[in-house]
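The values are calculated or read from the model by the stated rules, or taken from the named source; none is laboratory data. All of these numbers come straight from a predicted model, not from anything done at the bench. Glycine also receives a Cβ, built like all others from the backbone with ideal geometry; neighbour counts cover every protein chain displayed. With ligands, DNA and RNA removed, areas are computed over all heavy atoms of the protein, side chains included. Shrake-Rupley method; radii C 1.70, N 1.55, O 1.52, S 1.80 Å.
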Amino acid sequence: MTEIVCTQCGSKHVVINRKYNGQKLCSSCFRKSIEKQVLKTVKKEKLVTKNDKVLVALSGGKDSVALLKILNILKEKNIIELEALTIDEGIAGYRQEGVRIAKETTAKLGIKHHIVSFEDKYNFTIDKIMELQKKSDNPQHACTYCGVFRRQIFNQIARDIGATKLATGHNLDDEVQSIVMNYLEGNINNMVRIGYKTESSDERFTQKIKPLRKIPEKEIGLYVLESGFEVHFDGCPYAHESFRMEIGDFIREATLKHPTIMYSTL
């Protein structure tokens, strides 16, 4: 039986076997490969320039924690300024843990942290909205409301602190889901706008960047665990009702037989 060793350094302690490219990596080589890929994306796509002030959307989940940790490499090299924003939508039994982890992560990295709640800003929560939706003749999904209010807060805080970029933790799975959803819904205008960064003619909107766009979701989860960071792995309780969740299940199943399918879709 052939012994499995790291294709980079020869270590016997392999933590991942990448079926889409044949790499087998130990913890150290794997973490370095993720950081190298993300920083390469940042440079190639010109997602940041020197002296940019980047505001990271930090939920406390694996994607945003990984994003903050990797962008902190650029902060430590004095290439960018970095701050983080956590939004508490008011989802009982879910968001509190993410907020706690976000606080601990920013404290560990020495990054300024902002926390804004729907309750304080709008005097309502997503839970309250969804309770009212039960009485509606035309109920809307929680994501419909949440997305609008979150975007408003992100852009407002970005303007308040003078941020030049707003970084989100969208990963490869997220992007492919968006592409497939928009295709199936015939929303070509939205589909062609999906990319590494957004442009807006309205100066009130801070440019959004997505440095993790080429990293699979599973690898981001492994990266934060191997890096020793605690993250909030629980999903939003309202997400299971969404079309995105259905599409995500379909793509994950397809990937089992076709390991490169997400990259070819992207």
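See the values below:
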| item | result |
| --- | --- |
| Criterion violated by LYS135 - all others in (1) within 30 Å of ILE251 (Cα to Cα); (2) surrounded by fewer than 12 Cβ atoms within 10 Å (Cβ to Cβ) satisfied | (1) |
| Test set (1) under 15 Å from ALA57 (Cα atoms); (2) in contact with a Lys or Arg (Cβ under 7 Å, 6 or more places away or on another chain); (3) open to solvent by 20 Å² or more (accessible area, probe 1.4 Å) - LEU82 fails condition number | (3) |
| Top-ranked residue in the stretch 113-132 [being of a type in the set (Phe, Trp, Tyr) and within 30 Å of GLU81 (Cβ to Cβ); ranked as surrounded by the fewest Cβ atoms within 10 Å (Cβ to Cβ)] | TYR122 |
| Meets criteria (acidic (Asp, Glu) and out of contact with any Lys or Arg (no Cβ under 7 Å at 6 or more places or on another chain)) for GLU203 | yes |
| 1 or more residues modelled with pLDDT of 95 or more and not charged (D, E, K, R): qualifying helices (runs of 4 or more DSSP H) within the stretch 148-228 | 172-184, 217-226 |
| Tabulated pairs, the stretch 1-29, first within 17 Å of GLU219 (Cα to Cα), second open to solvent by less than 70 Å² (accessible area, probe 1.4 Å) and aromatic (Phe, Trp, Tyr), C-beta under 7 angstrom, 6+ apart or interchain | VAL15/PHE30; ILE16/PHE30 |
| Test: residue in the stretch 204-215 that is surrounded by fewer than 13 Cβ atoms within 10 Å (Cβ to Cβ) and at negative phi | yes |
| Residue list for the stretch 162-201, filter: of a type in the set (A, V, I, L, M, F, W, C) and free of Cβ contacts under 8 Å to residues at least 60 places away in the same chain | ILE188, MET191, VAL192, ILE194 |
| Residue, nearest to the chain's Cα centre (by Cα), within the stretch 38-72, restricted to residues that are over 26 Å from VAL116 (Cα atoms) and open to solvent by less than 40 Å² (accessible area, probe 1.4 Å) | VAL38 |
| Criterion (over 27 Å from ILE215 (Cα atoms) and out of contact with any strand residue (DSSP E or B) (no Cβ under 8 Å at 6 or more places or on another chain)) met by exactly one of ASN171, ASN138 | ASN138 |
| Members of the stretch 9-37 found to be surrounded by fewer than 16 Cβ atoms within 10 Å (Cβ to Cβ) and either touching a Pro at 6+ places or on another chain (Cβ under 6 Å) or β-branched (Val, Ile, Thr) (or both), listed by number | LYS19, TYR20 |
| Residues satisfying the stated conditions in the stretch 83-102, i.e. touching a residue at least 12 places away in the same chain (Cβ under 8 Å) and in a helix (DSSP H, G or I) | GLU97, GLY98, VAL99, ARG100, ILE101, ALA102 |
| Subset tally (residues that are open to solvent by 60 Å² or more (accessible area, probe 1.4 Å) and either part of a helix (DSSP H, G or I) or of a type in the set (S, T, N, Q) (or both)) for the stretch 230-260 | 13 |
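Results for (1) within 22 Å of GLY195 (Cβ to Cβ); (2) touching an Asp or Glu at 6+ places or on another chain (Cβ under 9 Å), shown as yes or no for each residue.
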| site | (1), (2) |
| --- | --- |
| CYS9 | no, no |
| LYS12 | no, yes |
| CYS26 | no, no |
| LYS44 | yes, no |
| ALA57 | yes, no |
| SER64 | yes, no |
| ALA84 | no, no |
| GLN96 | no, yes |
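Let's see how each residue does on (1) in contact with a Cys (Cβ under 7 Å, 6 or more places away or on another chain); (2) modelled with pLDDT under 95; (3) not hydrophobic (A, V, I, L, M, F, W, C):
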| position | (1), (2), (3) |
| --- | --- |
| THR41 | no, no, yes |
| LYS69 | no, no, yes |
| LYS77 | no, no, yes |
| ILE87 | no, no, no |
| GLY90 | no, yes, yes |
| TYR94 | yes, yes, yes |
| THR106 | no, no, yes |
